[in-house]
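*Asks:* For reference, the structure I am asking about is given below.
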Amino acid sequence: SNALESRRAAVRAWGDQPIHLADPDIHELMEKEKQRQVRGIELIASENFVCRAVMEALGSHLTNKYSEGMPGARYYTGNQYIDQIENLCIERALTAFGLESDKWGVNVQPYSCTSANFAVYTGLLLPGERIMGLDSPSGGHMSHGYCTPGGKKISAASIFFESFPYKVNPQTGYIDYDKLEDKALDYRPKILICGGSSYPRDWDFARVRQIADKCGAVLMCDMAHISGLVATKECSNPFDHCDIVTSTTHKGLRGPRGGIIFYRRGPKIRKQGHHSSHCDTSTHYDLEEKINFAVFPSLQGGPHNNHIAALAIALKQVATPEYKAYIQQMKKNAQALAAALLRRKCRLVTGGTDNHLLLWDLTPMGLTGKVYEKVCEMCHITLNKTAIFGDNGTISPGGVRIGTPAMTTRGCIESDFETMADFLIKAAQITSALQREHGKSHKEFVKSLCTNKDIAELRNRVEAFALQYEMPASLIRIE
Ligand SMILES: *Cc1c(COP(=O)(O)O)cnc(C)c1O
């Protein structure tokens with residue numbers, strides 16, 4: 001009938017409108033952001049570019065469905081396909097990391113790694129109980145319980161639980177495992193956390209396991225930055241030693257933004273809490289129930305099914321030889337970049353890298369990470385300032401973190417990263433010159449960035465360089 005047809009037309013008019021018509025303001029900003037991504041050099045170590053299939057799943061009708069609960073045990077009906085998607089995602093997550101389902105389980109629902117980590121604490125601890133992770137200025141992540149040196153509690157992990165950090169050795173930049181052991185034995189955390197966001201070296205997971213056993217702690221690894229290296233066996237394996245492993249899904253894994261939690265299940269391979277509590281006589285891990293309950297219903301509502309489908313797609317790729325080749329190239333690129341900077345007498349924290357990132361100490365050049373980061377941004381190079389330990393143990397934002405995952409995804413190899421090293425050095429020279437010119441006036445310094453012709457010239461070179469390379473999912477036209 002006519003009445004039905006007019007209702008159908010009304011739904012189509014609202015429901016099928018492309019974004020550039022539905023919302024020109026957002027569309028225009030999205031287009032600008034796309035251009036920024038394509039024309040720039042992306043060196044932020046935690047970023048990457050997803051493929052078209054991941055993006056299509058993310059922007060799909062799966063966002064429409066509520067599916068609170070676990071596959072097969074949902075609060076709402078209509079989840080027969082959603083269940084299959086989440087089960088496939090779970091299966092692929094275990095396969096990607098070489099895990100057997102009788103020893104490990106996984107929750108793929110966390111909205112982010114910060115919330116995944118908080119779910120672990122919520123599931124295992126009472127309010128005020130103790131955690132211990134790598135300090136933020138040492139390269140740890142805030143979600144491991146960050147407090148400022150002045151004692152201000154930044155992370156919810158430190159507001160609702162109690163946290164006490166361990167640190168890197170300020171002289172070497174390496175984690176000081178002996179001090180960590182002393183601190184852990186004094187502090188007796190219930191959860192000991194390894195893994196970080198700005199640590200360029202491999203972890204000694206066997207050593208932290210020994211320490212966790214000595215103080216009776218559950219051992220958790222947050223492998224957010226190195227999960228791609230773990231999956232492809234290009235670094236030491238936290239699954240060999242830890243009880244719980246969390247990760248982001250959008251960094252090295254090249255999936256959608258989100259978090260994931262792996263936990264041991266089945267018979268215990270060691271007595272948990274051996275020294276601290278004699279009441280724990282259970283022979284089986286009870287992490288699964290506690291962690292799943294903490295994710296939902298304690299902390300989250302309905303899972304984002306579009307995200308879980310996208311994650312399943314990414315995890316399928318992680319298990320392929322092509323992905324292994326990607327991770328190996330990412331590592332070689334980090335080596336090439338480190339070598340190129342070292343050849344030009346730059347100082348790198350720990351003297352180099354074992355993984356995908358390096359920490360460049362700018363203090364010998366008289367620069368801070370903040371001013372250098374800003375100049376790089378003006379030249380369309382994105383990287384981020386980072387804390388650097390002085391020889392006397394003081395911390396200053398004197399360096400930058402540089403990572404190779406994103407540009408490796410765009411197809412860059414060692415020689416390309418040597419070119420990028422030239423750009424980075426040029427940007428440092430420009431920063432020095434501007435600092436000399438404008439002395440202490442930060443305002444004058446910032447003003448000069450917009451008119452400086454060296455910056456404009458470097459920006460043009462950077463753009464021309466970046467535009468040579470493919471951008472994944474570039475076929476997706478938002479119109
Ligand atoms: C990036 C990162 C996180 C935070 O991930 P979000 O998904 O942004 O919450 C947590 N832990 C570590 C070690 C990280 O590097």
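*Asks:* Which ones in region 56-87 are surrounded by 18 or more Cβ atoms within 10 Å (Cβ to Cβ) and assigned to a helix (DSSP H, G or I)?
*Replies:* Within region 56-87, 57, 58, 62, 82, 85, 86 qualify.
*Asks:* Any residue that is part of a loop (DSSP other than H, G, I, E, B) and in contact with an Asp or Glu (Cβ under 6 Å, 6 or more places away or on another chain) - is there at least one of those in region 208-218?
*Replies:* Taking region 208-218 first, the residues part of a loop (DSSP other than H, G, I, E, B) are 216-217.
If we keep only those that are in contact with an Asp or Glu (Cβ under 6 Å, 6 or more places away or on another chain) too, we end up with none.
The answer is no; no qualifying residue exists.
*Asks:* Please name all residue pairs, on different chains or six or more residues apart, with Cβ atoms under 6 Å, provided the first residue is in region 41-62 and is touching a residue at least 60 places away in the same chain (Cβ under 8 Å) and the second residue is open to solvent by 40 Å² or more (accessible area, probe 1.4 Å) and within 16 Å of the ligand (Cβ to nearest atom).
*Replies:* Hits for this filter: 48/254; 50/254.
*Asks:* Sticking with this structure for a sec: In region 224-251, which residues are within 16 Å of the ligand (Cβ to nearest atom), out of contact with any Phe, Trp or Tyr (no Cβ under 9 Å at 6 or more places or on another chain) and not in a helix (DSSP H, G or I)?
*Replies:* Passing the criteria: 224, 248, 249, 250, 251.
*Asks:* Just checking, which of 408, 419, 386 is touching a His at 6+ places or on another chain (Cβ under 9 Å) and either modelled with pLDDT of 95 or more or not in a helix (DSSP H, G or I) (or both)?
*Replies:* 408
*Asks:* Listed residues 114, 95; which is within 13 Å of the ligand (Cβ to nearest atom) and either in a helix (DSSP H, G or I) or of a type in the set (A, V, I, L, M) (or both)?
*Replies:* After ruling out the rest, the residue left standing is 114.
*Asks:* Here are 159, 154, 131: which of them is β-branched (Val, Ile, Thr), surrounded by 23 or more Cβ atoms within 10 Å (Cβ to Cβ) and either without any contact (Cβ under 8 Å) to a residue 40 or more places away in the chain or more than 23 Å from residue 250 (Cα to Cα) (or both)?
*Replies:* 131
*Asks:* OK, next. Of the residues 404, 350, 386, 320, which single one is of a type in the set (S, T, N, Q), under 30 Å from residue 57 (Cα atoms) and open to solvent by 10 Å² or more (accessible area, probe 1.4 Å)?
*Replies:* 320 is the lone residue from the list that is of a type in the set (S, T, N, Q), under 30 Å from residue 57 (Cα atoms) and open to solvent by 10 Å² or more (accessible area, probe 1.4 Å).
*Asks:* Given 457, 377, which one is modelled with pLDDT of 95 or more, under 22 Å from the mean Cα position of the chain (by Cα) and open to solvent by 30 Å² or more (accessible area, probe 1.4 Å)?
*Replies:* Working: 457 fails: under 22 Å from the mean Cα position of the chain (by Cα).
On inspection, the qualifying residue turns out to be 377.
*Asks:* Inside region 29-54, can you point out the residues that are more than 16 Å from the ligand (Cβ to nearest atom), of a type in the set (A, V, I, L, M) and open to solvent by less than 80 Å² (accessible area, probe 1.4 Å)?
*Replies:* Residues of region 29-54 more than 16 Å from the ligand (Cβ to nearest atom): 29-41, 49, 51-53.
Next, from what is left, pick out any that are of a type in the set (A, V, I, L, M): 29-30, 38, 41, 53.
Selection gives 30, 38, 41, 53.
*Asks:* Taking residue 451 and the conditions (1) touching a helix residue (DSSP H, G or I) at 6+ places or on another chain (Cβ under 7 Å); (2) of a type in the set (Val, Ile, Thr); (3) more than 23 Å from residue 172 (Cβ to Cβ); (4) open to solvent by 10 Å² or more (accessible area, probe 1.4 Å), which numbered condition does it fall short on, given that it satisfies the others?
*Replies:* It fails just one condition, (1).
*Asks:* Restricting to region 253-269, what's the tally of residues that are open to solvent by 10 Å² or more (accessible area, probe 1.4 Å) and within 16 Å of the ligand (Cβ to nearest atom)?
*Replies:* Qualifying residue count for the region: 2.
*Asks:* Mind listing whichever residues of region 397-420 are of a type in the set (S, T, N, Q) and either under 23 Å from the mean Cα position of the chain (by Cα) or closer than 21 Å to residue 201 by Cβ (or both)?
*Replies:* 404, 408, 409
*Asks:* Away from the ligand (no atom under 15 Å from the Cβ), open to solvent by 10 Å² or more (accessible area, probe 1.4 Å) and under 22 Å from residue 331 (Cα atoms), is that true of residue 198?
*Replies:* Considered against the rule, which asks whether it is away from the ligand (no atom under 15 Å from the Cβ), open to solvent by 10 Å² or more (accessible area, probe 1.4 Å) and under 22 Å from residue 331 (Cα atoms), residue 198 comes out as no.
*Asks:* Then there's this: Please go through region 389-400 and pick out each residue that is assigned to a strand (DSSP E or B) and open to solvent by 20 Å² or more (accessible area, probe 1.4 Å).
*Replies:* Filtering region 389-400 for residues assigned to a strand (DSSP E or B) gives 389, 395-400.
Once the filter is applied, which keeps residues that are assigned to a strand (DSSP E or B) and open to solvent by 20 Å² or more (accessible area, probe 1.4 Å), region 389-400 yields 389, 395, 396, 397.
*Asks:* While we're on this one: Please go through (1) away from the ligand (no atom under 15 Å from the Cβ); (2) among the β-branched types (Val, Ile, Thr); (3) in contact with a helix residue (DSSP H, G or I) (Cβ under 8 Å, 6 or more places away or on another chain); (4) not in a loop (DSSP other than H, G, I, E, B) for residue 172 and return the number of the only condition it doesn't satisfy.
*Replies:* (4)
*Asks:* Here is a list: 137, 170. Which entry is surrounded by fewer than 24 Cβ atoms within 10 Å (Cβ to Cβ) and under 23 Å from the mean Cα position of the chain (by Cα)?
*Replies:* Only one candidate passes the filter, namely 137.
*Asks:* When residues of region 105-126 are filtered for being among the aromatic types (Phe, Trp, Tyr) and surrounded by fewer than 21 Cβ atoms within 10 Å (Cβ to Cβ), how many remain? Talk me through it step by step, then tell me what you get.
*Replies:* Applying the first criterion (among the aromatic types (Phe, Trp, Tyr)) to region 105-126 yields 111, 118, 121.
In the following step, the residues that additionally are surrounded by fewer than 21 Cβ atoms within 10 Å (Cβ to Cβ) were identified as 111.
Residues that pass the stated criteria total 1.
*Asks:* Every residue in region 209-229 that is surrounded by fewer than 24 Cβ atoms within 10 Å (Cβ to Cβ) and in contact (Cβ under 8 Å) with a residue 40 or more places away in the chain, please.
*Replies:* Listed by number, the residues that qualify are 213, 214, 215, 216, 218, 229.
*Asks:* Between a first residue in region 245-270 that is among the acidic types (Asp, Glu) and a second residue that is within 12 Å of the ligand (Cβ to nearest atom) and open to solvent by 10 Å² or more (accessible area, probe 1.4 Å), which pairs have beta carbons less than 8 Å apart while being 6 or more apart in sequence or on different chains?
*Replies:* Close Cβ pairs satisfying both conditions: none exist.
The values are calculated or read from the model by the stated rules, or taken from the named source; none is laboratory data. Quantities reported herein were computed from a predicted structural model and do not represent experimental measurements. Counting neighbours? That spans all protein chains shown, and the Cβs are built from the backbone with ideal geometry, glycine included. Accessible surface is based on the protein model in full, side chains and every heavy atom, while ligands, DNA and RNA are left aside. Shrake-Rupley method; radii C 1.70, N 1.55, O 1.52, S 1.80 Å.
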